Amino acid sequence: MTSFGDMHHVGITVRDLEESLQWYERVFDVQREFVATGSGPELSRAVGVPDADLSFAFLRFGSCVIELLCYANERQETFDRSNADVGSAHVCIDVPDLQRAYENLRAKGVEFLAPPLPIEDGPLEGCAFAYFKDPNGVTLELFQSAAHGHP
């Protein structure tokens, strides 16, 4: 039987790597671990992008990393997926005090879809969350666990 470890990273493709790095660093008070580039036939096969030419960086959020990738290749510039669209994903960031994090990010110019929503029943009762988008249109979520934890 195969065993898997912890989640290592979540990758997000962005329009402009430096602009996105600056936004994530400013909004979340994180620092880039590195910035690197890659190209060539092996990389193109590995990522499934013909003639791939990319720059990428890691930003650490606790035990997980967000990898920002920026392809110099021809691409669609606008991410216009709804959370209801198949294949859409979002990145959820755990916070100890959702209201405080919400207010802090709003003060930094982040526009949320709605104020924090407390979960009042079910397996996540006592938890709360709030969604917002990064400059590339990618959905991000702040999540606060219940005082008693969640399953």
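Each reported figure results from applying straightforward, stated rules to the coordinates on display, with no laboratory input. From a predicted model like this one, the values you see are computed outputs, not experimental measurements. When we count neighbours, we look across all protein chains shown, and the Cβ atoms used for this are built from the backbone with ideal geometry, even at glycine.
Here F34 meets the list (1) aromatic (F, W, Y); (2) surrounded by 13 or more Cβ atoms within 10 Å (Cβ to Cβ); (3) closer than 17 Å to G11 by Cα; (4) over 14 Å from the mean Cα position of the chain (by Cα) almost entirely, failing just condition (2). For beta carbons closer than 6 Å, sequence separation of 6+ or different chains, a first residue in region 1-17 that is under 15 Å from C92 (Cα atoms) and a second that is in a loop (DSSP other than H, G, I, E, B) and of a type outside the set (G, A, S), the qualifying pairs are I12/V138. Comparison of L68, L54 shows that the only residue that is surrounded by 13 or more Cβ atoms within 10 Å (Cβ to Cβ) and under 17 Å from the mean Cα position of the chain (by Cα) is L68. Take F58 and decide whether it is in contact with a Cys (Cβ under 8 Å, 6 or more places away or on another chain), touching a residue at least 24 places away in the same chain (Cβ under 8 Å) and under 20 Å from H9 (Cα atoms). No. Residues of region 83-139 that are over 18 Å from I66 (Cα atoms) and among the aromatic types (F, W, Y): Y102, F112, F129. Here is the figure for region 1-24: residues that are among the charged types (D, E, K, R) and either outside any helix (DSSP H, G or I) or surrounded by 15 or more Cβ atoms within 10 Å (Cβ to Cβ) (or both) total 3.
Before we move on, is V27 crowded, with 16+ Cβ neighbours inside 10 Å and either under 26 Å from A52 (Cβ atoms) or in contact with a Phe, Trp or Tyr (Cβ under 8 Å, 6 or more places away or on another chain) (or both)?
Numbers: crowded, with 16+ Cβ neighbours inside 10 Å: yes; either under 26 Å from A52 (Cβ atoms) or in contact with a Phe, Trp or Tyr (Cβ under 8 Å, 6 or more places away or on another chain) (or both): no.
When the stated conditions are applied, V27 does not pass them.
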